[in-house]
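The structure appears below as structure tokens.
The values are calculated or read from the model by the stated rules, or taken from the named source; none is laboratory data. Predicted model only: the values in this text are computed from it and were never measured. So basically every Cβ, Gly included, is an ideal-geometry build from the backbone, and we count neighbours across all protein chains shown. Just so you know, the surface numbers come from the protein's heavy atoms only, side chains and all, with ligands and any DNA or RNA stripped out. Shrake-Rupley method; radii C 1.70, N 1.55, O 1.52, S 1.80 Å.
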Amino acid sequence: DMEINRAVAYLESGLSVLIRCEKLLVEHLAHEIAGRSGRSARMLRLGGGSAAAGLAPGTASGMASGMASGLGDATPLGGGRRAELLAALQAAVTDAKPGDVVVVPHLDLLAGGTDATLTSEARELTDVLYERSACVLLAFTDPSLVIPEVLANRFAVRLSIEILPREVTTRSGERVPVGRALVTRAEAELFDGFDATDLYKYVAGMNAVRFRNALRFAYHQHRPAIGAARRPTFADLRHELRVFKARTSSSFEVPNVPFSAIGGYGDVKAELERALTIVGGAVDLPEHLRHDLVPRGFIFHGPPGTGKTLFAKAVAARLAATILVVSGPEVTDMYVGESERKVRELFAEARRNAPAVVVFDEFDSIAARRSGRDDGGSRAGNAIVAQLLTELDGFRPEVPVLIIGTTNRIDLIDDALLRPSRFRPIRIDLPQEDARREIARVHADHFGIPVSPALVDGIARVTEGLNGDEIRSVFRDGRADELVGADRRRADARRLGELIGALKAARGQREREKNPRLGRSGDGQRRVTLVGPIRLAGVA
Ligand code: ADP
């Protein structure tokens, strides 16, 4: 109500307003704000033409169907449609009487693209809007799309109505938890133990429309069978909200890796637990402390296959967050300027899926300091890093988005990102013997291979230098042989030993190829160091 009233007040005093909000909200907000302003409003429709706002029910459906075609891929409108819309806007602006409001629901689509450079369409649009600068406009633009600055400047004020806050002000001026404002009493009663005050934690990043959809879906999923005693519970609702968020997004997933599925690394787990307690309790910290205490993210660094991505998933699961794993080069292998846009879009989507963890694999490809700088690269030299920092500083407790970068080249990472309030580096090294023992146990369990404590000890001993991924592969291959191998061999100590031996041999081979001098004796003759099957049989 507060945001809507503010927009209305500006319109009433004859100022043009630009609102940044998700497309799903545009229709609702446009009608409400234009309606309350008491001015006569002309709503521009994507179907072409304009209509007096709120007139016929057809107005809304016309908008909706127009939206459906232009929305999905957020690409600009086709040239013909845009020309039509531009003509309609021109007419609406020209015909507007003093005091009228012209409503432009999708200024971003009209502006001809997501790039900040002025396309000819955007130039034309700018002409139209500036020509009658006295005409009062109410326009909307999506947070994931950009409009040229010169267009945005046409508006006296810009407001952002993005996501659900913890509390909202009702029309009567009362402040109520968002869980009460958006859920009727009857709906709340459908879920056993519904907690209106607590709900905000689970709707972070959603807008009101998506939340209502999710609520409906959750009830459908859990509606009790006739005669059944069990009612859907608040826990059911929370779970569905999380799954719903992930499903309505193209790429975010709901991770289910508990810390207990990671073998060893007690110190890393303890450090993460400490940090996550702070992140989890961030909302209760005073604003000024929050900024200093809560890390924007982590950088997991160490050799490949040591469970860095696995740790990221466990972190997300622990925060009841959705997760998206992006490969670094995927972001950087784009045209100039495109990468920043990609980062912006990623964050916009992460906020919609919040709480969310975004994992950048091979983070060094994104966040490497620019080489060849005389200042040693202490400044954020490249544009992607700059964009990343902008997005990170936008961190708010209502929209918890955590970034995790993984890399095996921490030495390449831009120092600007390693400042304490930004990324906390955490080293994840090759597993020590204790860790290897636990990793072996986790995967023996997972693949249903019975192992004695002595065998696990033996495996831990002989897998020195192997990473978690390789230890896992021993059990995976052993199990695969049992099930589908030609001779269906049992995954006993002898077989596991063979598999480990083969792994070590392959690794030795790789290292020799990388470094041909290795494994040759002084006279240049290749010294053959074959790793045979590892003997585990004795301990079986
Ligand atoms: P990284 O991101 O460090 O390259 P990953 O997280 O992708 O490594 O690890 C690959 C796989 O190796 C994991 O999915 C997991 O099955 C296994 N793995 C690695 N480390 C561990 C560990 N400490 N405990 C259990 N499994 C592990």
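The helices (runs of 4 or more DSSP H) found wholly in segment 357-451 and carrying at least 1 residues that are in contact with a Lys or Arg (Cβ under 8 Å, 6 or more places away or on another chain) and modelled with pLDDT of 90 or more occupy 433-446.
Which helices (runs of 4 or more DSSP H) sit wholly inside segment 110-199 and have at least 2 residues that are crowded, with 18+ Cβ neighbours inside 10 Å?
Qualifying helices (runs of 4 or more DSSP H): 120-131, 178-181.
Note on segment 270-288: among residues that are more than 18 Å from Ala317 (Cβ to Cβ) and either in a loop (DSSP other than H, G, I, E, B) or at pLDDT 85 or above (or both), the one that is least open to solvent (accessible area, probe 1.4 Å) is Leu285. Residues of segment 406-424 being under 23 Å from the mean Cα position of the chain (by Cα), away from the ligand (no atom under 12 Å from the Cβ) and open to solvent by 60 Å² or more (accessible area, probe 1.4 Å), which ones? The answer is Arg419, Pro420, Arg424.
Among the residues of segment 443-471, the ones that are open to solvent by 40 Å² or more (accessible area, probe 1.4 Å) and within 10 Å of the ligand (Cβ to nearest atom) come to 2 in all.
Could you count how many residues in segment 75-107 are surrounded by 13 or more Cβ atoms within 10 Å (Cβ to Cβ), in a loop (DSSP other than H, G, I, E, B) and at pLDDT 85 or above? Total satisfying the criteria: 4. Across segment 500-513, not a single residue is classified as open to solvent by 90 Å² or more (accessible area, probe 1.4 Å) and outside any helix (DSSP H, G or I). You will find that of Gly302, Gly297, the residue that is over 16 Å from the mean Cα position of the chain (by Cα) and open to solvent by less than 10 Å² (accessible area, probe 1.4 Å) is Gly302 and no other. Residues in segment 293-315 that are modelled with pLDDT of 90 or more and either assigned to a strand (DSSP E or B) or away from the ligand (no atom under 11 Å from the Cβ) (or both): Phe298, Ile299, Phe300, His301, Val315.
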